[in-house]
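Peer 1: Sharing a structure, written as structure tokens. Questions coming.
The values are calculated or read from the model by the stated rules, or taken from the named source; none is laboratory data. Note that the structure is predicted; figures quoted are calculated from it, not measured. All Cβ positions, glycine included, derive from the backbone under ideal geometry; neighbour counts span all protein chains shown. In case anyone asks, the SASA skips ligands and DNA or RNA and just uses the protein heavy atoms, side chains included. Shrake-Rupley method; radii C 1.70, N 1.55, O 1.52, S 1.80 Å.
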Amino acid sequence: MKIALIQLNIEWESKKTNYEKAESFAKKAAEEKCDVIVFPEMFNTGFSMNVPAIAEDDNGETNSVLSEIAKKYSIYLIAGFPVKKQDEEKGRNIAGVYDRRGIRIAAYTKIHPFSFSGEDKYYIAGSDTVIFDIDGIPSSIFICYDLRFPEVFRKVAKNVQATFVIANWPASRKEHWEILLKARAIENQCFVIGVNRTGTDGNGIHYSGASHIFDPSGNDILCGNDKEEFLLGEINPSEAIEIRSRFPFLKDMRI
């Protein structure tokens, strides 16, 4: 499976600019014959708490734009964006997953809002994990701060071969980002694909990219720098099956 990891320098609360960037990268991914393209958390606005201004209906403009991009380039697409349902007071920080036909096959709400920055005051905490297939490869996804909570990764571990983590993870804690991605790969014996933004957001917080793919043994098979860039990685999900067969640690889990 060929994966395009997009280290987007997100334009603060400027959806049109970020849509244009996304389509440009999707075009390149299609030319490289990628199976899936992955954008960071809140790719269309940056990590903003301005819910009234940026959050849309679940089936709003951003959902439509991502669906059309996936369909146009016949590619699986994963991206984070804020939504707000009419019957809820707060927004939701979600990750949408789209298939090659542009159909949204999964929507995950971030289970752990980042209370350190006040995200929990503006966004609802999700309650459920998701599992979806990418061309028959069972996968799951989490968002940023979720990475610090290994129990949610354990919940899906036996049923997936690849786990995606999309983020706006600050440069000041880059080492934690990299160590935790590696740990989640080793302890769950699956590929972990972490996609982080770059640049500086509207609050002056700097992001260092450092997107990675770790294999089920914790080997770092792809690493990004601190610039906006297109990263191309390739994984063989059968490696997860093979390592679990040789070292069947997951069968001993006690939750």
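Peer 1: Would you mind finding the longest exposed-site-free stretch of the chain, with exposed trypsin sites (Lys or Arg not before Pro) meaning DSSP loop and at most 12 other Cβ atoms within 10 Å? Mind showing how you got there, number by number?
Peer 2: On the way: sites that count: Lys33, Arg101, Lys227, Arg254.
With a cap of 12 other Cβ atoms within 10 Å, the longest stretch comes to 102-226.
Peer 1: Could you give the length gained by full extension between Lys71 and Glu31, i.e. 0.36 nm per residue of separation minus their alpha carbon distance, to one decimal place?
Peer 2: So the chain would gain 13.0 nm between Lys71 and Glu31.
Peer 1: Moving on to the next point. On the accessible surface of the range 108-193, probed at 1.4 Å, how many percent belong to carbon and sulfur atoms?
Peer 2: That share works out to 51 percent.
Peer 1: Here are a few candidate values for Rg and Dmax of the Cα atoms in Å: (i) 18.2, 54; (ii) 20.0, 64; (iii) 16.8, 51. Which one was actually calculated from the structure I just gave you?
Peer 2: After the calculation, the listed value that fits is (iii).
Peer 1: List the GluC sites (Glu not before Pro) within the range 1-64 that fall in a DSSP loop (any state other than H, G, I, E or B) and whose Cβ has at most 14 other Cβ atoms within 10 Å. Could you put the intermediate results ahead of the total?
Peer 2: Values: sites: Glu11, Glu13, Glu20, Glu23, Glu31, Glu32, Glu41, Glu56, Glu61; in loops: Glu11, Glu13, Glu32, Glu41.
The qualifying sites are Glu32.
Peer 1: Gap in Å between the Cα centre of the range 199-255 and the Cα centre of the range 121-141?
Peer 2: 16 Å
Peer 1: How much length is gained if the chain between Leu250 and Ser115 is pulled fully straight, taking 0.36 nm per residue apart and subtracting their Cα-Cα distance, in nm to one decimal?
Peer 2: Additional length available on full extension: 45.5 nm.
Peer 1: Find the relative contact order for the range 145-255 and round it to a whole percent, using C-alpha pairs within less than 8 Å whose residues are 6+ positions apart.
Peer 2: 23 percent
Peer 1: Next up: Under 1.5 on a/c is rounded, so check that first for the range 82-215, then, if it is not, pick prolate when a/b is larger than b/c and oblate when it is not; a ≥ b ≥ c are the square roots of the alpha carbon gyration tensor eigenvalues.
Peer 2: The shape class here is oblate.
Peer 1: With every protein chain left in place, what is the accessible area per residue of the range 164-255 in square angstrom, probe 1.4 Å?
Peer 2: Computed with neighbouring chains in place, this is 45 Å² per residue.
Peer 1: For the residue pair Glu61 and Ile243, what label-to-label distance in nm results when each label sits 7 Å from Cα along the Cα-to-beta-carbon direction?
Peer 2: 4.2 nm
Peer 1: Relative contact order for the range 1-144: what is it in percent, counting Cα pairs under 8 Å that are at least 6 residues apart?
Peer 2: Once divided by the residue count of the range 1-144, the mean separation gives 19 percent.
Peer 1: I would also like to ask the following. Quick one: which residues, 5 or more positions from Asn9 or on another chain, have an amide H under 5 Å from its amide H? H modelled 1.01 Å from N in the peptide plane, none for Pro or chain starts.
Peer 2: Thr198
Peer 1: If you don't mind, there's one more thing I want to ask. Given Cα pairs under 8 Å that are at least 6 residues apart, what percent is the relative contact order of the chain?
Peer 2: For the chain, the relative contact order is 19 percent.
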